[in-house]
Amino acid sequence: MEKDLEKDFLDKIEKNQNIIHKICRAYTSDEDSHKDLFQEITIQLWQAYGSFRGEAKFTTWMYRVSLNTAISIYRKKNRQVNTASIDEYNFQVAYKPYDSTEEEQLQMIYKAIQQLSDIDKALILLFLEDKSFKEIGETLGISYVNARVKMMRAKEKLKKIIGV
């Protein structure tokens, strides 16, 4: 049973790992930090996977756990963050390097996103994934209306940063 759960988890993570990469890219500025955050998010997803009830789509749940992990770690930059070693677990996620060739023109937008607050980063990332305001609200634990209002404000901040 544990092996089936593990296989199901690995299949879903490998299929959707670009979600983790996008979050890592928004919350980190170098490759080593990106890899560290990727590993920590993967561990947190595995630890929480047993509580995934399927009430929301897997990707919505994955965004929520991933964003919460990234926000928690990077809000505590000056504090020591206790992370678990991936060696403690009997599985390895096949890490595929993030292919940024198709996103080179997005370098400017990612730099601008990094200047936003944590919640605004999350809003913009979910919006760029074509998530509905309902899904954004569910992922971030806010109402549909609040998601729309916050998104409008985040877009305005992003426009100012980019200079549009």
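The values are calculated or read from the model by the stated rules, or taken from the named source; none is laboratory data. Note that the structure is predicted; figures quoted are calculated from it, not measured. We place every Cβ from the backbone using ideal geometry, glycine too, and count neighbours over all the protein chains shown. Just the protein is used for accessible areas: all its heavy atoms, side chains included, with ligands, DNA and RNA removed. Shrake-Rupley method; radii C 1.70, N 1.55, O 1.52, S 1.80 Å.
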Apportionment of accessible area to carbon and sulfur, the stretch 104-164, percent (1.4 Å): 54 percent
So the FRET efficiency between Lys57 and Asp36, C-beta based with R0 = 25 Å and rounded to 0.05, is 0.40
Send over a whole-number figure in Å² for the accessible area per residue of the stretch 12-71, probe 1.4 Å. 43 Å²
